[in-house]
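Comments concern the structure below.
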Amino acid sequence: MRRFAFNQDLKGMPIEKYDVVIAGGGLAGLYTALNLDKSLSCAVLVKKELMLCNSSLAQGGIAAAVNEQDLFHLRDTIKASAGLANPSLTGFMVEQGPKHIVRLAKMGVPFDTNEQGNWLTTREGAHTRERVLHCGGDATGRLIMQRLTQLALERPNIHILEHHFLTDILTGDDNQVCGAVVYHDQAYKFLETPSLMVAAGGIGSIYKHTTNREGTTGDGIAAAIRAGAQMQHMEFVQFHPTAFFNPRTNQSFFLISEAVRGEGGILRNSEGVAFMQTRHPMKDLAHRDITAREIFLQMQKHNKKHVFLDITSRSKSFLEKRFPTIYNACKDQGIRMEEDPIPVVPVQHYFMGGIKTNSRGQTNIKGLFASGEAACTNVHGANRLASNSLLECLVFGAQCAEAIYNSPHTQVALPPATINQGKKTDTNFGFLADEIREIMQTQGGIVRNKKGLKTALKRLDQIMEKLEPLHINTPAQTEVANMALVARHIIAAALERKNNIGAHYRSDA
């Protein structure tokens, strides 16, 4: 594995200095930045533009036990995780959750309320209580991100750097972070910092079908791997059970929130049978991994490309108010939710694995932190409980901010500028990207087996060998290298774990 993706000596590269650099402008990155002491200069790297992140797509909401009578959030999370979530860290997350909801509300985040002014809550899959708060019905992520973006832009110490692509993390003496190489405006530059946080999101774009934004190629995770950061739970990839499927184009388009099932939606196969009724005690609100596999099996059994989500028991007025985003998106595709069952299919959605951190977001590399989907704080175990992702961003983003403030802020010596320039070739990087996605979709998907995983690992090793000596000099090319590296780690971990647990399911187990 090559140590660096970029191909340019540090000598002569433009340098900018910050107390903190945060790679990622989603909820984890912005909330951390807003919780930093205002005396610290902070650069927030955004790969494309603010709001073009997975956080802004979150429909369901944020799970938090804001009702004092709700004592079961921890239990539900541990159960959904197949028992692999760390009880102490998970307990800390659910305990701290309500405090951060209050903080968001004080920041001006418009949580939905009833006529009495109390927060509205709903249920989603595997929740035994109504504890999911939302904004604008199903526009939770977008409205939260709009408000936090506004606040971040008003802070003099926060510098939002759009169209800045994190390429590599550099370390100096004693395994200490000294900065990051980023690509901007057709050139590399070096951001010198003693504290760098990776909050660059997930890995959805290494799969052929995903609910993630385009370009979620695991860039922060890959850069951390090259820098020597430890990874954890890389085999655990969550597939959301219900993404809209367009029968006319044979493609999935957008997420249908679990909140639809929380409001009475029923999954039916091509024959109209409500198949989840006999498959799990929680029926259509079973855990995501179980529901996704059952849909997958129904599709195989009936040789169909999708199943249906039936919410026709609800009125048009209710659906338009509760799910305005979903309702209008379905309507644009010719589906009226009050009359027509929605064609749905499971697709890659969330990554439970990632950069191994402790409760303060710290990694095995001094000065390197991680938060959000790029991190593995181990509060999701083998399967994430619905709407715990935004909660994790809040709780551990604040923890990162505190840990960063208490870290040394003296600059460290830069490493020697000995970068292998590589050789320029006519390699078709786009073709390799498509091949990686096909491998992950077919061999690293909902159902896996030893033969397929070994075949996938062999081919990914060959792709990495091909990339090893090449001159990589654009973000698009770096994305392919990142995809191959992260995909290989996922497949290798899936091959190593021989038992079925949570989102990891092997047909040969």
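The values are calculated or read from the model by the stated rules, or taken from the named source; none is laboratory data. In this text the structure is predicted, and so the values were computed from the model without any measurement. Please note: Cβ atoms are built from the backbone with ideal geometry, for glycine as well, and neighbour counts cover all protein chains shown.
So the values come out like this:
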quantity	calculated
Spans of strands (runs of 3 or more DSSP E) in segment 222-339 with at least 3 residues out of contact with any Asp or Glu (no Cβ under 8 Å at 6 or more places or on another chain)	237-246, 251-255, 307-310
Failed item, numbered, when residue 42 is tested on (1) out of contact with any Gly (no Cβ under 7 Å at 6 or more places or on another chain); (2) farther than 29 Å from residue 473 by Cβ; (3) buried (at least 16 other Cβ atoms within 10 Å of the Cβ)	(2)
Among (1) assigned to a helix (DSSP H, G or I); (2) of a type in the set (S, T, N, Q); (3) at pLDDT 95 or above - the single one residue 56 does not satisfy	(3)
Long-range neighbours under 9 Å by Cβ, at least six apart or interchain, first residue closer than 15 Å to residue 140 by Cα within segment 113-124, second loosely packed, with under 11 Cβ neighbours inside 10 Å	120/114
Filtered residues of segment 435-466 (kept if outside any helix (DSSP H, G or I) and more than 25 Å from the chain's Cα centre (by Cα))	none
Residue match in segment 88-97 (condition: in contact (Cβ under 8 Å) with a residue 12 or more places away in the chain, under 26 Å from residue 256 (Cα atoms) and surrounded by fewer than 18 Cβ atoms within 10 Å (Cβ to Cβ))	no
Residue in segment 404-414 that is over 25 Å from residue 79 (Cα atoms), modelled with pLDDT of 95 or more and surrounded by 24 or more Cβ atoms within 10 Å (Cβ to Cβ) present	yes
Yes/no for residue 331 being surrounded by fewer than 22 Cβ atoms within 10 Å (Cβ to Cβ), among the basic types (Lys, Arg) and free of Cβ contacts under 8 Å to residues at least 60 places away in the same chain	yes
Hits in segment 15-53 - residues which are of a type outside the set (D, E, K, R), closer than 16 Å to residue 146 by Cβ and not in a helix (DSSP H, G or I)	25, 26, 44, 46, 50, 51, 52, 53
Residue selected from segment 106-138 under the condition farther than 29 Å from residue 79 by Cβ and of a type in the set (Gly, Ala, Ser), by the criterion surrounded by the most Cβ atoms within 10 Å (Cβ to Cβ)	136
Selection count where residues are within 23 Å of the chain's Cα centre (by Cα), of a type outside the set (Ser, Thr, Tyr) and at negative phi, scope segment 159-180	9
Residue check for residue 263: more than 17 Å from the chain's Cα centre (by Cα), of a type in the set (Asp, Glu) and within 25 Å of residue 327 (Cβ to Cβ)	yes
Condition met for residue 234 (hydrophobic (A, V, I, L, M, F, W, C) and more than 20 Å from the chain's Cα centre (by Cα))	no
Any hit, segment 296-314, residues being surrounded by fewer than 16 Cβ atoms within 10 Å (Cβ to Cβ) and over 22 Å from residue 445 (Cα atoms)	yes
Candidate set from segment 156-178 (those that are loosely packed, with under 15 Cβ neighbours inside 10 Å and not polar (S, T, N, Q)); member that is nearest to residue 37 (Cα to Cα)	156
Number of positions in segment 281-310 that are without any contact (Cβ under 8 Å) to a residue 12 or more places away in the chain and of a type in the set (Val, Ile, Thr)	1
Test set (1) more than 24 Å from residue 283 (Cβ to Cβ); (2) modelled with pLDDT of 95 or more - residue 118 fails condition number	(2)
Residue that is farthest from residue 59 (Cα to Cα), among those in segment 319-341 that are within 27 Å of the chain's Cα centre (by Cα) and of a type in the set (A, V, I, L, M, F, W, C)	330
From 74, 84, residue being within 19 Å of the chain's Cα centre (by Cα) and either in the same structural domain as residue 388 (by TED's automatic domain parsing) or surrounded by 24 or more Cβ atoms within 10 Å (Cβ to Cβ) (or both)	84
Residues of segment 388-407 classified as touching a strand residue (DSSP E or B) at 6+ places or on another chain (Cβ under 8 Å) and more than 20 Å from residue 203 (Cβ to Cβ), total	5
Which numbered condition residue 82 misses (of (1) modelled with pLDDT under 95; (2) in contact with a His (Cβ under 9 Å, 6 or more places away or on another chain); (3) on the phi > 0 side of the Ramachandran plot)	(1)
Total residues in segment 359-411, condition at positive phi and either of a type outside the set (Gly, Ala, Ser) or outside any loop (DSSP other than H, G, I, E, B) (or both)	2
Hits in segment 179-210 (condition: of a type outside the set (A, V, I, L, M, F, W, C), crowded, with 24+ Cβ neighbours inside 10 Å and touching a Leu at 6+ places or on another chain (Cβ under 9 Å))	179, 195
Among (1) over 30 Å from residue 103 (Cβ atoms); (2) out of contact with any helix residue (DSSP H, G or I) (no Cβ under 6 Å at 6 or more places or on another chain); (3) not in a helix (DSSP H, G or I) - the single one residue 174 does not satisfy	(3)
